[in-house]
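Participant: Have a look at the structure that comes next, please.
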Amino acid sequence: MRPTAIDAIEHLRRLVAVLENHGIQVQVLKTVRPGYLVYEDKWQVVAEPFNREKI
């Protein structure tokens, strides 16, 4: 996790809690090998998996 992502991730965790409290199932995916970085801005990153690996 990038240090600059801490605030955004905390916001998403609060959003996940609200959704789950209203019966909406949320699946959080984590990986230490996100793949090739193909896009990045202040709020998000997009990565292509290495060799079509499963997360």
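Since every read-out is calculated from the coordinates, none of them should be taken as a lab result. These figures come from a predicted structure and were not determined experimentally. Glycine also receives a Cβ, built like all others from the backbone with ideal geometry; neighbour counts cover every protein chain displayed.
Participant: For region 43-55, which residues satisfy the criterion of being without any contact (Cβ under 8 Å) to a residue 24 or more places away in the chain and assigned to a loop (DSSP other than H, G, I, E, B)?
Facilitator: Listed by number, the residues that qualify are Q44, P49, E53, K54.
Participant: Further question: Which of the residues belonging to region 4-42 are of a type in the set (A, V, I, L, M) and in contact (Cβ under 8 Å) with a residue 12 or more places away in the chain? Quick ask: steps written out before the conclusion?
Facilitator: Step one: list which residues in region 4-42 are of a type in the set (A, V, I, L, M), which gives 5-6, 8-9, 12, 15-19, 24, 26, 28-29, 32, 37-38.
Selection gives A8, V16, V28, L29.
Quick grid of which residues meet (1) more than 11 Å from the chain's Cα centre (by Cα); (2) exposed (fewer than 10 other Cβ atoms within 10 Å of the Cβ); (3) not in a helix (DSSP H, G or I):
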{"residue": "D7", "(1), (2), (3)": "yes, yes, no"}
{"residue": "A17", "(1), (2), (3)": "yes, no, no"}
{"residue": "Q27", "(1), (2), (3)": "no, yes, yes"}
{"residue": "V38", "(1), (2), (3)": "yes, yes, yes"}
